[in-house]
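Read-outs: derived from the displayed coordinates by stated rules, not from any lab. All of these numbers come straight from a predicted model, not from anything done at the bench. In this analysis, Cβ positions are derived from the backbone assuming ideal geometry, glycine residues included, and neighbour counts consider all displayed protein chains.
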Amino acid sequence: MGLRGVFSRKFTKSKLWDITRLYGCTTFNLLGGMTTAIYSEPQKYNDRDNPVRFVLSAGMPANIWSEFASRFDCEVYEFYGAAEGGLTINPPGSGPVGSIGAPPDALIGRIVDENDNELPANEPGEIVFQNADGTCPIISYYKNPTASSDKMNNGWLRMGDIGYRDENGWFYFMHRKGGGIRHNGDFVNPAFVEKELAEHPMVDDVFVYGVPSSNGVPGEKDVVAAIVSTDKATFQPADIFKTCVEKLESNFIPSYIQLVDEIPKTASEKPQERFLLEAFTVKDPCIYPRD
């Protein structure tokens, strides 16, 4: 089609919009923790002065979706999928804010329980796919036939993600299977916590995850906010907790703040929770408990 592309050597949230202005970029792709990282940058007078028409996003948090689009004067084209297959798309102006979209005509998508029974609208379950003709996409992991068969179990492509579908057929992603944060009986949406913290002037980047609860209740987790500070020397955890108390529901308030030099991420800027978990210990001087 004669289109041009710009490849950066490294993702840089502070220079991203300057790059789009320099090269006249009309769209770019957002993955993993990129969205919150960009949103946490201090607002600038020229945020809306850019040539971008839309961002192709996988994982735009619903609670910053509209603010992001307004601040940078662009639209959000949300999608969901994996290298193995499965796809939903939510073009600008099509589906509800926060929805990962709906499957294209070539695919059938469902939300199912542990016995593969299709669940009613708004009830969480695993996201699965088939081809439109009822066959399952063929998956073959290298030298791992067990993983291959598990991925295609019972004729459905298993995404390993929990989500739900509304009354109009729009899909919503919640969390990885087994990866939700249940705190004091409530399921915590990390995106809500990350939004409020990303807007704090002391926060340069943030990622929220869960650790086994100190109360010992099976399945319960304490909420941890891993934070990269704009100035580590003057960082005030009490001020962060104060903001959380003012802006979040009680069960969403982090039990701990974990001050880090950077959020460990993959090449596509997806936060790597396991490294934060490995580094987490309540005796660490960089761990600040709420009390």
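Among the GluC sites (Glu not before Pro) in segment 161-209, which ones are in a DSSP loop with at most 10 other Cβ atoms within 10 Å of the Cβ? Mind listing them? Listed in order of number, the matching sites are E167.
Fully extending the segment from V282 to K15, taken as 0.36 nm per residue of separation minus the present Cα-Cα distance, adds 92.6 nm. FRET efficiency for the pair N251 and S214, taken as 1/(1 + (r/R0)^6) with r the Cβ-Cβ distance and R0 = 25 Å, rounds to 0.95. Length gained on full extension, Q272 to S148, computed as 0.36 nm times the residue gap minus the Cα-Cα distance: 42.2 nm. Convex hull volume per residue, computed on the Cα atoms of the chain, equals 173 Å³. Place a point 7 Å from the Cα of T230 along the Cα-to-Cβ direction; which residues of segment 255-291 have their backbone N under 20 Å from it? Only 257-263 fall inside the zone, counting backbone N under 20 Å. Applying both filters, DSSP loop and at most 10 other Cβ atoms within 10 Å, to the chymotrypsin sites (Phe, Trp or Tyr not before Pro) of segment 141-238 gives Y142.
To the nearest 20 debye, what charge dipole does the chain have about its Cα centre, counting +1 at the Cβ of each Lys and Arg and -1 at the Cβ of each Asp and Glu?
Values: 28 positive and 40 negative charges, 189 e Å.
Dipole of the chain, to the nearest 20 debye: 900 debye.
Put +1 on the Cβ of each Lys and Arg and -1 on the Cβ of each Asp and Glu in segment 181-289; which of H200, V223, T243 then has its Cα farthest toward the positive end of the dipole? Farthest towards the positive end: V223.
Where Lys and Arg each count +1 and Asp and Glu each count -1, what net charge lies around M152 among other residues with Cβ under 13 Å from its Cβ? Don't skip to the end; give the middle numbers.
Numbers: positive: K151, R158; negative: E84, D116, D150.
Summing Lys and Arg as +1 and Asp and Glu as -1 gives -1.
Between R48 and A106, 0.36 nm times their residue separation minus their Cα-Cα distance comes to what?
Numbers: separation 58, 0.36 × 58 = 20.88 nm, distance 3.67 nm.
Extending this stretch completely gives an extra 17.2 nm.
For the pair segment 1-34 and segment 248-262, the centres of their Cα atoms are 30 angstrom apart. Bridgeable lysines around K177 (alpha carbons under 18 Å apart, same-chain partners fewer than 8 residues away excluded): K151, K221, K270.
Of the chymotrypsin sites (Phe, Trp or Tyr not before Pro) in segment 22-57, the ones in a loop by DSSP (not H, G, I, E or B) with at most 11 other beta carbons within 10 Å are Y45.
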